[in-house]
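Read through the structure below, which is laid out as structure tokens, and then see the notes.
Read the figures in this text as sums done on the coordinates, not as results from a lab. Model, not experiment: these values are computed from the prediction. FYI the Cβ positions are ideal-geometry reconstructions off the backbone, even for glycines, and counts take in every protein chain you see.
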Amino acid sequence: MSFDRDRLHLAIQKSGRLADQSRQLLKDAGLKLQQGGRNELAARAENFPLDLMLVRDDDIPTFVADGVCELGIVGQNVLDEYALGRPELRIEQVAKLGFGRCSLKIAAPDSLGRFELAMLQGQRIATSYPRLLGRFLADNRIAAEVVTMRGAVELAPRLGIAGFVCDLVSTGATLDANGLMPVADVFDSEAVLIRTPRPLDAAHAEKAAALLTRIDGVIATAESKYIVLNAPESALPAIVQILPGAEAPTVIPLIGREGQVAVQAVCQESVFWETLERLKAAGASAILVMPIEKMML
Ligand code: ATP
Ligand code: ZN
């Protein structure tokens with residue numbers, strides 16, 4: 001596939017923790033993506049002027065910063081680590097995407113026992129995120145030696161390379177398996193959509209805006225539900241209070257049932273069983289909660 005300047009280019013991770021959900025987000029936004037073989041570096045969207053560039057996540061900020069790709073999907077940890085090294089650049093973070101959640105944590109060997117930040121003074125800490133860790137240490141006025149490793153950071157204490165590590169954690173299972181325990185939070189991360197700091201020409205800007213509108217819709221839809229219920233008119237103020245994140249519900253009279261109305265609302269927050277119980281207690285009946293398939297705000 002040739003590089004077509006007229007199309008938009010979006011860099012995503014080729015394989016790894018963000019790869020599947022990045023593609024799923026684009027599919028949910030209505031894009032039909034070509035499969036692309038194992039050695040393909042790009043995949044074309046068949047029904048939108050967009051090509052995906054399939055790369056290592058560490059390269060995504062560079063592609064976007066240099067304008068090779070107008071857009072990218074990457075972890076905030078990778079983005080900020082890169083951005084701290086190029087402070088003159090302003091890569092714009094367009095949207096948080098709600099997946100790839102993890103945090104960069106300092107961890108110590110289980111044998112350490114009690115921990116306080118001051119114990120890091122003068123210690124060696126192994127990490128793949130030297131700039132994020134460096135900022136954290138500076139903010140906390142800790143002078144420690146940062147040992148940069150590309151991978152296998154959790155082995156550093158056993159190898160005698162460093163007394164502490166600073167690594168990404170989601171469940172904590174990897175730390176646990178290596179006899180380490182988290183002791184301090186350095187940075188919370190999730191996948192984000194980023195945009196090049198280079199100005200876009202009108203045609204590219206228009207395509208990017210159209211894609212962003214769809215992605216915003218997907219993000220909004222994921223949390224939103226459509227609620228329909230019946231209620232006595234007198235209970236309306238209480239019921240509207242309970243509906244989570246609903247603006248201006250629609251109220252429709254029920255023919256043949258004096259004083260009863262149907263209420264319809266889009267709820268922009270999660271709807272829990274507890275919410276339904278509270279609605280029922282306030283007088284609602286025949287409550288339906290429905291997923292929303294598409295939404296354009
Ligand atoms: P690549 O081959 O693209 O360089 P990688 O091995 O550097 O991949 P992955 O392990 O696939 O990267 O992680 C990609 C991103 O997923 C991380 O930068 C982070 O934002 C996110 N992530 C979510 N949970 C975790 C976790 N438990 N450990 C590491 N990264 C996580
Ligand atoms: Zn990587």
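Among the lysines, select those whose C-alpha is under 29 Å from the C-alpha of residue 32, and discard any that sit fewer than 8 residues away in the same chain.
Correct list for residue 32: 14, 96, 207, 225, 294.
Using DSSP to define loop residues, name the chymotrypsin sites (Phe, Trp or Tyr not before Pro) in the stretch 189-297 whose beta-carbon has at most 12 other beta-carbon atoms within 10 Å. Please report the intermediate quantities before stating the final value.
On the way: sites: 226, 272, 273; in loops: 272.
Loop-located and lightly packed - 272.
Compute a Gaussian network model of the chain, connecting alpha carbons closer than 10 Å, and tell me which residue from 131, 278, 56 fluctuates the most.
Result: 278 has the largest fluctuation of those listed.
About the Cα centre, and with charges only on the beta carbon of Lys, Arg (+1) and Asp, Glu (-1), how big is the dipole of the chain? Nearest 20 debye, please. List each step's numbers first, then the result.
On the way: 31 positive and 37 negative charges, 74 e Å.
Using only the charged Cβ atoms, the result is roughly 360 debye.
Please list 3J(HN,Hα) in residue order for the stretch 118-133, calculated via the Karplus relation 6.51 cos²θ - 1.76 cosθ + 1.60 where θ = phi - 60°; whole Hz, with x for glycine and proline.
4, 5, 7, 3, x, 8, 9, 10, 8, 7, 9, 10, x, 6, 5, 5
Mind checking which of 179, 217, 72 has the largest fluctuation in a GNM of the chain, springs on alpha carbons under 10 Å?
Per the Cα network of the chain with a 10 Å cutoff, 179 tops the list.
Give me the Kirkwood hydrodynamic radius of the stretch 102-188 in Å, from all C-alpha pairs, to one decimal place? Numbers along the way, then the final one.
Details: mean 1/r = 0.0798 Å⁻¹.
About 12.5 Å for the stretch 102-188.
Among 167, 176, 59, whose mean-square fluctuation peaks in a Gaussian network model of the chain (Cα, cutoff 10 Å)?
Of 167, 176, 59, the Gaussian network model singles out 176 as fluctuating most.
Quote the convex hull volume per residue of the stretch 224-291, based on C-alpha atoms, as a whole number of Å³. Numbers along the way, then the final one.
Details: hull volume 4.9 nm³, N = 68.
So the per-residue Cα hull volume is 72 Å³.
Over what distance in Å are the Cα centres of the stretch 208-239 and the stretch 79-148 separated?
One Cα centre to the other: 38 Å.
Using amide H atoms built 1.01 Å from N in the peptide plane, name the residues 5+ places from residue 94, or on other chains, whose amide H lies under 5 Å from its own.
Excluding prolines and chain starts, which carry no amide H, the hits are 193, 194, 195.
What fraction of the Cα pairs in the stretch 201-254, stated in percent, has a spacing above 14 angstrom?
Values: 958 of 1431 pairs.
Of the Cα pairs, 67 percent sit more than 14 Å apart.
Specify, per residue and in Å³, the volume enclosed by the convex hull of the alpha carbon atoms belonging to the stretch 1-111. Walk me through the numbers before you get to the answer.
Details: hull volume 14.4 nm³, N = 111.
For the stretch 1-111, the hull spanned by Cα atoms encloses 130 Å³ per residue.
So what are the ³J(HN,Hα) numbers for the stretch 74-81, from phi and the Karplus equation (6.51, -1.76, 1.60; θ = phi - 60°), rounded to whole Hz, Gly and Pro as x?
8, x, 4, 4, 6, 4, 6, 4
Using the 10 angstrom Cβ neighbour count as an exposure proxy, how do 196, 174 rank, fewest first? Spell out each step's value before the answer.
On the way: 196 23, 174 15.
Going from least to most buried by this count: 174, 196.
Could you work out how much longer the chain between residue 92 and residue 19 gets when fully extended? Use 0.36 nm per residue separation minus the Cα distance between them, nm to one decimal.
Values: separation 73, 0.36 × 73 = 26.28 nm, distance 2.09 nm.
Gain on extension, residue 92 to residue 19, equals 24.2 nm.
Would you mind checking which residues have amide H under 5 Å from residue 183's amide H? H placed 1.01 Å from N; only 5 or more apart, or other chain.
106, 107, 108
Report, by chain and number, residues whose modeled amide H sits under 5 Å from the one on residue 14, excluding near sequence neighbours (fewer than 5 apart, same chain).
Long-range HN contacts for residue 14: 55, 56, 57.
Any chance you could get the radius of gyration and Dmax over the Cα atoms of the chain, in Å?
24.6, 80
Only loop residues by DSSP count here, and only those with at most 14 other Cβ atoms within 10 Å; note down the trypsin sites (Lys or Arg not before Pro) in the stretch 144-215 that meet that.
150
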